[in-house]
There are 2 protein chains.
Amino acid sequence: MRALLVVAHGSRRDESNDEVRRLTDKLRALAGNEYQQVECAFLELAQPSIPDGIDCCVAEGASEVVILPYFLSAGRHVAKDIPEIVASSREQHPGLALRIAPYLGQASSLVGSLLEMSKK
Amino acid sequence: MRALLVVAHGSRRDESNDEVRRLTDKLRALAGNEYQQVECAFLELAQPSIPDGIDCCVAEGASEVVILPYFLSAGRHVAKDIPEIVASSREQHPGLALRIAPYLGQASSLVGSLLEMSKK
C-alpha cells in the first residue's frame, strides 16, 4: 500500500495550515489511483508532525511512503531538516520504503500555475 | 504594454533567489504573447525590491503591471506587506494600472504539480 505525505512548514495561522489540509484533500481525490493514502504533516507549529504522519501511514498499512515537500525553495528545511527527520523515522520502520520526492518549487508545471494566477 | 512582476520573499541564499530568476525566465518564454515584460522582484533580502521592479517596468514602457505573489500561503507578507508596498508605488505612478494577482498557493493546478513531483 502506497502513501503520499505532503510536508508543509506549518504556521501559527490556523488558516494557513487548513489551506494545506484542503490541498491534501484535493490531492487525495486526484491521486487516488496511485496512492491509497494521501495525508499531510508539518515541520513545525502544527500537527501532525512528520514522524507522526509517517507513523500514521504505517499504522494504516502503508508499505511505501513518499514524502512531498510543499516548499518553493531548497532552504535549510528542505536540504537538512526534513531529510534528518525522515532518516530518523526510517530507523524506526526498517521494512518501510521511505522516499523524499523533489520539493514543489522544482515542478516544471509551476510556470503554468503562475500564468494561471496572473489572469485572476 | 503589459508587465508581469513575480514577487518572491527573497533569501540569504543566492541559489534560492537565482531559482526565482530562472523561473521568471521560463515564465517569460511561456507568457510572451500576453505580457511584453516578465520580471521578478523580492520583498526582502534580494534585489530588485518591489518598488524598483515596478519602476523598472514603467521605465521600459509598461502601462499595466500585474504583481504575482510567489507564495504558498496568505501570511502577513501576502496579506499586508505586499499590498502596502504596492499601494505606495501606485501613488508614485498615478497613470499606471497596477493589480495584485492571487498568490501562487491558490492555483488550482498546484495539485497537479504536487502529483508530478511525487513521481520523481
- So the pair-distance distribution of chain A, from every Cα-Cα distance in 10 Å bins, comes to percents of 13, 44, 35, 7, 1
- Task: Would you calculate, for chain A, the mean residue ellipticity at 222 nm contributed by helices, counting each DSSP H stretch of 4 or more residues as -39,500 (n - 2.57) and dividing by all residues, to the nearest 500?
- Result: -12500 deg cm²/dmol
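Interface size between chain B and chain A, please: total buried accessible area, 1.4 Å probe, rounded to the nearest 100 Å².
Chains B and A together bury roughly 3500 Å² of accessible area.
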- Using the Karplus curve 6.51 cos²θ - 1.76 cosθ + 1.60 with θ = phi - 60°, work out ³J(HN,Hα) for each residue of segment A:7-22 in order, rounded to whole Hz, and write x for Gly and Pro. 10, 10, 5, x, 9, 5, 8, 3, 4, 5, 5, 5, 4, 5, 5, 5
- Task: With N set to the residue count of the protein assembly as shown, report its C-alpha Rg divided by 2.2 N^0.38 Å to two decimal places.
- Result: 1.08
- Task: Set the Förster distance to 30 Å, then compute FRET efficiency between A:Ser49 and B:Glu60 from the Cβ-Cβ distance, nearest 0.05.
- Result: 0.05
- Message: Show me, for segment B:38-46, the HN-Hα J-couplings you get by feeding each phi into the Karplus relation (A = 6.51, B = -1.76, C = 1.60, θ = phi - 60°), rounded to Hz, glycine and proline as x.
- Response: 9, 10, 10, 8, 10, 5, 7, 6, 8
- What are the distances, in nm and sorted shortest first, from the label point of B:Ala97 to the label points of the same position in each other copy, with each label point placed 7 Å from Cα along the Cα-to-Cβ direction? 5.2
- Per-copy distances of the B:Gly61 label point, shortest first, in nm (7 angstrom along Cα→Cβ): 6.3
- Surface per residue (accessible, 1.4 Å probe) for chain B, Å²: 46
- Message: For B:Val65, what residues show an amide H to amide H distance below 5 Å, using hydrogens built from the backbone and excluding near sequence neighbours?
- Response: B:Ala3, B:Ala97, B:Leu98, B:Arg99
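The values are calculated or read from the model by the stated rules, or taken from the named source; none is laboratory data. Since we're looking at a predicted model, the values are computed, not measured. In this analysis, Cβ positions are derived from the backbone assuming ideal geometry, glycine residues included, and neighbour counts consider all displayed protein chains. For the accessible areas, the whole protein counts, side chains as well, though only heavy atoms, and no ligand, DNA or RNA atoms are used. Shrake-Rupley method; radii C 1.70, N 1.55, O 1.52, S 1.80 Å.
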